[in-house]
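The values are calculated or read from the model by the stated rules, or taken from the named source; none is laboratory data. Not measured: the values here are computed from a predicted model. Please note: Cβ atoms are built from the backbone with ideal geometry, for glycine as well, and neighbour counts cover all protein chains shown. In case anyone asks, the SASA skips ligands and DNA or RNA and just uses the protein heavy atoms, side chains included. Shrake-Rupley method; radii C 1.70, N 1.55, O 1.52, S 1.80 Å.
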Amino acid sequence: MESRLNYFGHPLAGKVMKHINSASKVVSDSTLPTATQELVKIRASQINGCGFCTDMHTKDAIAAGETMQRLNLVAAWREVKVFTEAERAALELAEQGTRIADAAGGVTDEAWTNAAKHFDEDQLVALISLIAVINAYNRINVINQQPAGDYQPGQFG
């Protein structure tokens, strides 16, 4: 697979990515647990069919100490016991926040209330922001058909 254009080498894209990357850095520096962040990024990327981000965040999660068992089960998180209740709440919010068009009501009150049981207000802001940012990255990569598989952990800083 070849990308449609050299998006990441284009000067305008560089300006856009500077802002998206800045938002991503704010979220990564938040108190939202790193493992939760990676799980959310992986699940949203799976839903969106973004191979580039799925590859990147799976490898970053492994580098951060995540287990292969948990990574292999992210797509089936509802049926397994390896995720904490907080992680499950974050994954549910990520799924509903990613699939907004699939549900007339958007994110349910139940999903929000469950997430709010596990995360403080700063973490909820970080979680909402993370879901928005990863969906932006996914859309750029999917639209451009960005090839996946060559990412090395820490490659982008």
**Q.** Pairs, first farther than 12 Å from residue 71 by Cβ and without any contact (Cβ under 8 Å) to a residue 12 or more places away in the chain in segment 24-47, second part of a helix (DSSP H, G or I) and among the polar types (S, T, N, Q), C-beta under 7 Å, six or more apart
**A.** 28/37
Q. Taking segment 73-85, which residues are under 17 Å from residue 44 (Cβ atoms), not in a loop (DSSP other than H, G, I, E, B) and not aromatic (Phe, Trp, Tyr)?
A. 74, 75, 76, 78
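I need the full set of residues from segment 1-13 which are part of a helix (DSSP H, G or I) and open to solvent by 40 Å² or more (accessible area, probe 1.4 Å), in order please.
So in segment 1-13, the residues part of a helix (DSSP H, G or I) come out as 7-9, 11-13.
Of everything in segment 1-13, those that are part of a helix (DSSP H, G or I) and open to solvent by 40 Å² or more (accessible area, probe 1.4 Å) turn out to be 7, 8, 9, 11, 12.
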Q. What are the residues in segment 58-87 that are open to solvent by less than 50 Å² (accessible area, probe 1.4 Å) and either under 18 Å from residue 128 (Cα atoms) or among the basic types (Lys, Arg) (or both), if any?
A. 70, 86, 87
Q: Any residue in segment 137-157 that's under 18 Å from residue 25 (Cα atoms): show its pairings with residues that are assigned to a loop (DSSP other than H, G, I, E, B) and open to solvent by less than 70 Å² (accessible area, probe 1.4 Å) at Cβ separation under 7 Å, as long as the two are six or more apart or on different chains.
A: 138/50
